[in-house]
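J.: Here you go, one structure.
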Amino acid sequence: MLGLAILFGLCIWLLLTLLAMVLGYKLGRRLTKKKWGRLFGMFTGFMLLMGGWITHWVVEYWQTKAYAASVCGLAGYKIYVPPEEWKKTVSEEEWKQMAEFKSWLVRPSQRNGPKTLVFEGEEYKIDSQIDNRLTSYERTIRKGYTMVWEDLIYDVKRKEVLFKAIHTHTGTSSGWESLEELKFWIDSIPNCESKMDEGDLLHLYKDQTN
């Protein structure tokens, strides 16, 4: 329903723009008999209702693309405790408990670990409990249409961060919640992902075959 309302509004906007161009053409013809006057009148009518917005969108696109490129280099991961070293700290009983752990049954208020974690001078919020020893934390930074988010995996028992993964994403939200969703050109700006995400890295730590 909202999508139809937005499309209807866009049609009205287009019709008003065409009307403004026609009126500008006629006004230019009255003011001067020269061709450039009529063209200038059409251009003025177009800019009043649509051209200004197009100019704004073009500038906004290039600014967003430039910022996305500037933070793209942040994407990646960093290991603080090597998987082989961490595995040596896990007992047979703990391996068994981790294998049987059902994270979806843990309520947000019951998650193991502090609600916030300060690491390298930045504050991270608790996200989910992975098992009886590991808890994930996250931190997000949003500027315009670009978001940078960081995931930390924290060993609650040893009170140490195992690794950090960083990703960047640029785009509008999905859906038809506002006119911002129609800026498909923003969604064409490439994202920057870590070569290994949180799941890939966790596999290195919880794989007992290596």
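J.: Of everything in the stretch 173-192 that's modelled with pLDDT of 85 or more, surrounded by 15 or more Cβ atoms within 10 Å (Cβ to Cβ) and part of a loop (DSSP other than H, G, I, E, B), which residue is nearest to the chain's Cα centre (by Cα)?
T.: Asn191
J.: If you go through the stretch 193-210 one residue at a time, how many are over 12 Å from Lys87 (Cα atoms) and assigned to a loop (DSSP other than H, G, I, E, B)?
T.: Summing the residues that are over 12 Å from Lys87 (Cα atoms) and assigned to a loop (DSSP other than H, G, I, E, B) in the stretch 193-210 gives 5.
J.: Same structure again: For the stretch 63-97, name all the residues that are outside any helix (DSSP H, G or I) and either closer than 20 Å to Ala165 by Cβ or touching a strand residue (DSSP E or B) at 6+ places or on another chain (Cβ under 7 Å) (or both).
T.: Gly73, Leu74, Ala75, Gly76, Tyr77, Lys78, Ile79, Tyr80, Val81, Pro82
The values are calculated or read from the model by the stated rules, or taken from the named source; none is laboratory data. Not measured: the values here are computed from a predicted model. Please note: Cβ atoms are built from the backbone with ideal geometry, for glycine as well, and neighbour counts cover all protein chains shown.
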